[in-house]
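Undergrad: One structure, pasted below without further comment.
The values are calculated or read from the model by the stated rules, or taken from the named source; none is laboratory data. Just so it is clear, the model here is predicted, and its values are computed rather than measured. Here Cβ is always computed from backbone atoms with ideal geometry, including for glycine, and neighbour counts include all displayed protein chains. In case anyone asks, the SASA skips ligands and DNA or RNA and just uses the protein heavy atoms, side chains included. Shrake-Rupley method; radii C 1.70, N 1.55, O 1.52, S 1.80 Å.
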Amino acid sequence: MTSDAARRVWSPSNAVPPPPPARRSSVPPGPPDGAPSGPPPDAQSTGFASRLSLRTRVGALAALGVGLAVTLTALAAYLTVSSQLQSSVDQNLLDRARSAVSTTLGDPQQLADIPGAAIVATDVRIALLQANGTAVIARGVDTTPPMGDQELAVARGESRESVRTADLAGDSYRVVAVPGQPGFALVLGQPTAQTEQLLDRLRLVSFIAGGVGIVLATWAGLSIARAGLRPVRQLTQAAEHVAATGQLEPIEVTGSDEIARLAHAFNAMLAALSEARLRQSRLVADAGHELRTPLTSMRTNLDLLAQSEASGGLSDADRAQLIADTRAQAVELSTLVGDLVELSREDAPAASHEQVDVADVVRDALSRVRRRAPGVAFSADLRSWVVAGDATQLGRAATNLLDNAAKFSPPHGTVTVTLHDGVLDVCDEGPGIADEDLPRVFDRFYRSSEARGLPGSGLGLAIVKAAAERHGGSVEAGRAPSGGARLTMRLPAASSAALD
């Protein structure tokens, strides 16, 4: 047996009992003295992100994403290395403990004769714990490792082994216990200072690497955002330039990504605005030119009437002729103003979405045109065709087509009108339309060289085109089999098209 000097007694009754758990208070803790009660106001944070520029927000999101990735990677690496290192230390201690059991360290009598300084030099603490709580250690220097109920359970055979972390005199130890001789457990404790230093260095390296990664991600995010949003900045500058100067100048587009597509769409919008402005300017100029003629004629007639009244007056016949001419000019002016108002609208007016039979509309137009052109014959072959639209607009378009054909028809000529499957053809026996005039006959105020000596303003066929397009149709001009003009208007059926 060992000497009394080599024995150390450990008993569960000698252990310091843990402090009693704190009692829970039924009253929730209140705010510290001087602190306002209730949730903190968030008025200052409201709208903060919206005040940042898009480039800053994109950069911040990139930095946040990379920062989270770096943080999660560093955390995963730290946890993995910590777990692997702890597992390696535990396995090493267990292997050493199992090996020591078969040596002199596993014999209580021999362990008591070993100098404790020799054991302490190996940076471990070792003891043989008996089932009754008595611990056998080396002589001389105290080599007792932390021991408790888990190690006592191994000595009593209640557990195969134990591994835990315990404190002893302010130092942390990793403690393992394995069965030894019957009624004994070999307890081995190793300080965790070296392992903790290694983990501290790993945490520091992870923190530094994460910080550097976040800084680099912020710089990269801002750089990428600045380069990627350059087209957006150009679009913004272009829009501000248009708003400030009214100059519709397109911007330079490079690349084929979504931003480039947006820039192309912006340039297309500028081109459409420029074209609309040009059409408006041309319409105003042409309208002013066309309005000048009837206004000049009316003013001349009124001047003549005033002068005649001052010099004794005109004869009844001359007076009637002058009044009739003035009235005709007023009618022409009213018609021209009505046509201009109709054509000045870029979108469709508030038209009724009623079912209209184009054949009935054309018949009504024929009855009106026949009264105005008694010297022209009309041959009609009309088949029913129902569209969804405005009968007034369609009637005006059909009347303009028939008036145009009657105007260019020779005396006793025939105008052929057909309506089959939504295609309205109006053919006359006049001189026809020259090839160079075909693409422009439906333009506003356009009049061919043959039509400049005839009455009219050049808006009739433009109104036909506008009416057809508002009903989802189209118009075209060509040459009739008789050599005259052939004007065609196509309208979709009510089941496939309707007014907006």
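Undergrad: Going through the stretch 293-322 one residue at a time, which ones are under 27 Å from L459 (Cβ atoms), open to solvent by less than 70 Å² (accessible area, probe 1.4 Å) and of a type in the set (A, V, I, L, M)?
TA: Initial filter on the stretch 293-322 (under 27 Å from L459 (Cβ atoms)): 293-302.
Okay, now just the ones that are also open to solvent by less than 70 Å² (accessible area, probe 1.4 Å), so 294, 296-298, 300-301.
Matches in the stretch 293-322: M298 only.
Undergrad: Continuing with this model, one more query. Name the residue that is nearest to the chain's Cα centre (by Cα), counting only residues in the stretch 228-257 that are polar (S, T, N, Q), in a helix (DSSP H, G or I) and exposed (fewer than 15 other Cβ atoms within 10 Å of the Cβ).
TA: At the first step, the residues of the stretch 228-257 found to be polar (S, T, N, Q) are 234, 236-237, 245, 247, 254, 256.
Narrowing the set further to residues that are in a helix (DSSP H, G or I) leaves 234, 236-237, 245.
Among the residues that remain, those that are also exposed (fewer than 15 other Cβ atoms within 10 Å of the Cβ) are: 236-237, 245.
Working: T236: 17, Q237: 21, T245: 29 Å.
Residue satisfying both the conditions and the ranking: T236.
Undergrad: Separate question: Of all residues being in contact with a helix residue (DSSP H, G or I) (Cβ under 8 Å, 6 or more places away or on another chain) and basic (K, R) in the stretch 167-224, which is least open to solvent (accessible area, probe 1.4 Å)? Just the residue, please.
TA: Applying the filter and picking the extreme gives R174.
Undergrad: Additional query: For the stretch 258-283, which positions are farther than 27 Å from A227 by Cβ and open to solvent by 100 Å² or more (accessible area, probe 1.4 Å)? Don't jump to the end; show me each part of the working.
TA: Here is the first cut: in the stretch 258-283, the ones farther than 27 Å from A227 by Cβ are 271-283.
Within the stretch 258-283, R277, Q280, R282 meet the criteria.
Undergrad: Quick check on the stretch 433-473: of everything there that is buried (at least 21 other Cβ atoms within 10 Å of the Cβ) and farther than 21 Å from L340 by Cα, which residue is modelled with the highest pLDDT?
TA: Of everything passing the filter in the stretch 433-473, G473 is modelled with the highest pLDDT.
Undergrad: Which number in (1) over 27 Å from A166 (Cα atoms); (2) at pLDDT below 60; (3) β-branched (V, I, T) marks the one condition that V70 misses?
TA: (2) is the only condition that V70 fails.
Undergrad: On to the next question. P182 fails exactly one of the following numbered conditions: (1) more than 30 Å from L85 (Cα to Cα); (2) under 54 Å from the mean Cα position of the chain (by Cα). What is the number of that condition?
TA: Condition (2) is where P182 drops out.
Undergrad: Something else: In this structure, is R292 in a helix (DSSP H, G or I), among the charged types (D, E, K, R) and either touching a residue at least 24 places away in the same chain (Cβ under 8 Å) or closer than 30 Å to A62 by Cα (or both)? Show your work before the answer.
TA: On the way: in a helix (DSSP H, G or I): yes; among the charged types (D, E, K, R): yes; either touching a residue at least 24 places away in the same chain (Cβ under 8 Å) or closer than 30 Å to A62 by Cα (or both): no.
No, not satisfied.
Undergrad: Quick check on the stretch 485-500: of everything there that is in a loop (DSSP other than H, G, I, E, B) and modelled with pLDDT of 90 or more, which residue is farthest from G432 (Cα to Cα)?
TA: P492
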